[in-house]
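Structure first, commentary second.
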Amino acid sequence: MHIPVPEPAPHHLGYPESCDTLVAFTGPPERRRAIFAKNSDRPRLECQPLAQIPAADHEPGSAVECQYITIPQVPRTLAVLGSRPWWLWGFEHGVNEAGVAIGNEAVYTHDPVPQSGLLGMDLVRLGLERGSTAAEAKRVITGLIEQCGQGGSSVMGADSRYHNSFIVADHTEAWVIETSRRHWVARRTTHGAAIANLLTIGDDWDECSDGLEEHARDMGYLSAPAATRFNFRVAYEDMDSRPRVERRWGVGRRLLAGPDEHDVASMMRYLRDHFEAGQVYAPPPEGSPAPLTVCLHYGTTNGSTAASMIVELTPGELPPVAWVGMATPCTGLFMPVTVGRPLPKELETGDDRPSRDSLWWAMRELQYVVDRDPLLLTPITRAVWGPIEQRLLAGNPRLPAQSLHRLIAEIMELRDELILQLTVAQLQSDHAVSSTPSA
Ligand SMILES: [Zn+2]
């Protein structure tokens, strides 16, 4: 069966314009914990390996080179595990040794985005390196936005600029931060929050930058009487992307509105969500509009989910364990990686050249093969990865170095076998179709 790949809309040519980040609090009061989850959607062939950055002390007066600008370094940075588009200094998402997890989203407001400044991914990494609690990381991010500003292209070889929103979480609380140039608002939650490529904070903010409302009035974004509480979303949001994002965002909101029972497995299902198609990508019929789903495949836009992370933030359980996935989560599997431990080379290898030493490229090729006929091939793929995920979820996720190495070797071997199995299944299906007499 040939799956037609619709041309992406011109609006999407530069950047997939998506990502989903969620935090949910769960458990009884004496063992309350947070679960953080993010899908990072990026250009479809942009490799996103993992990076394990050790804690470090820095000389007074030293500086740190971020993607486009250099800023003063702090005396000490924390150990961080992050998911890094290969050409970027910063992270799409990550978690630090103190149990703070952060993910960002592209958001669009009436303010133009400067040519240079801090990228959202710079701010994710800086928040993780400098914040030992969610509140501290929130102060780092908002302080740097005020001092240095945001800007620069997030896509290699293209001029794709956006403002950012963030979820910053530890086991006690989470902050949603939404921004426009050097302005920001922040909302605290101990229940949960979902963000995507739209503004979610209206008049329910807890903190904001000085002059946020005045800037909106000066620029003509706001005409409501000053007596009402300032509404960030109404004043600042560029509504263009909202209609394409709301349905996807609704998946996370419904999850948070349901019973307060979340775990790593339920977050895996969330990150694999394809609306009514369940956890399988169902390409739309040729010519019909393609919805942006939580798990994003090329064809819907120019981009694809490149990497995923789930972290359970539990009091006293440090360093944290991140469940990481590479390429689309519905075609791959999540594996547990502990912050601060050396990474097998397959997890940290990868750039723009496809490599057999890179798990990202291995899983991306597998996604490509499954996407040729996802309704037929995804169940075959899940039948291989599902039992391994079950085994990992049932065991101690803090794998010793040797066990993680063995797991990666097992995954690489099974992937090779799977690609052969999927190719044969597709050929058999094609043969069955072509040998069916037409009516
Ligand atoms: Zn998918």
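None of the figures in this text is laboratory data; all of them are computed from the coordinates on show. Note that the structure is predicted; figures quoted are calculated from it, not measured.
In degrees between 0 and 90, to the nearest 10, how far off the longest principal axis of the chain does helix 134-148 point, with axes built from Cα atoms?
That helix lies at roughly 70 degrees to the long axis.
Specify the inter-centroid distance of the stretch 261-332 and the stretch 237-257, based on alpha-carbon positions, in whole Å.
With the stretch 261-332 and the stretch 237-257 each reduced to a Cα centre, they are spaced 15 Å.
Counting helices only, and only those DSSP H runs with n ≥ 4, report the 222 nm mean residue ellipticity of the chain as the sum of -39,500 (n - 2.57) divided by its residues, in deg cm²/dmol to the nearest 500.
Theoretical 222 nm ellipticity from helices: -9500 deg cm²/dmol.
Return the long-range amide H neighbours of HIS163 (sequence gap of 5 or more, or a different chain), with a cut-off of under 5 Å between placed amide H atoms.
Residues meeting the criterion, in which the H sits 1.01 Å from N, are VAL107, THR109.
Which of ALA193, ALA98, ALA290 moves most in a GNM of the chain, Cα contacts under 10 Å?
Comparing ALA193, ALA98, ALA290 in a Gaussian network model of the chain, the most mobile one is ALA290.
State the percent of C-alpha pairs, over all pairs in the stretch 283-439, separated by a distance greater than 24 angstrom. Each step should come with its number before you reach the end.
Details: 5026 of 12246 pairs.
Roughly 41 percent, once rounded to a whole number.
According to the Cα gyration tensor, what semi-axes, each the square root of 5 times an eigenvalue, does the equivalent ellipsoid of the stretch 134-212 have, listed from largest to smallest in whole Å? Kindly include the intermediate steps, with their values, before the conclusion.
On the way: eigenvalues 96, 42, 31 Å².
With the √(5λ) rule applied to the stretch 134-212, the semi-axes are 22, 14, 12 Å.
Pick from SER83, SER209, SER62: which residue has the top mean-square fluctuation in a GNM of the chain where Cα pairs under 10 Å get a spring?
For the chain, modelled as a Gaussian network with Cα springs under 10 Å, the answer is SER62.
Classify the stretch 35-117: rounded, prolate or oblate, from the alpha-carbon gyration tensor (a ≥ b ≥ c, eigenvalue square roots; a/c under 1.5 rounded; otherwise prolate if a/b is larger than b/c)?
Here the stretch 35-117 falls in the oblate category.
Grab the eigenvalues of the alpha-carbon gyration tensor for the chain, scale each by 5, take roots, and send me the semi-axes largest first in whole angstrom. Numbers along the way, then the final one.
On the way: eigenvalues 241, 138, 84 Å².
Gyration-tensor ellipsoid for the chain: 35, 26, 21 Å.
Take the chain, connect every pair of alpha-carbon atoms lying under 10 Å apart with a spring to form a Gaussian network, then pick out the residue of ALA227, ALA307, ALA425 with the largest mean-square fluctuation.
Answer for the Gaussian network model of the chain: ALA227.
Rounding to the nearest 10 and keeping the result within 0 to 90°, find how far the Cα-based axis of helix 374-394 lies from the longest principal axis of the chain.
70 degrees
What relative contact order, as a whole-number percentage, does the chain give when Cα pairs under 8 Å and 6 or more residues apart are counted? Intermediate results must be reported in sequence, preceding the final value.
Working: 998 pairs, mean separation 83.8, N = 439.
The normalised contact order for the chain reaches 19 percent.
If you take the Cα atoms of the stretch 206-297, find Rg, then find the Kirkwood Rh from the mean of 1/r over all pairs, what is Rg/Rh?
Numbers: Rg = 18.7 Å, Rh = 16.6 Å.
My calculation puts Rg/Rh at 1.13.
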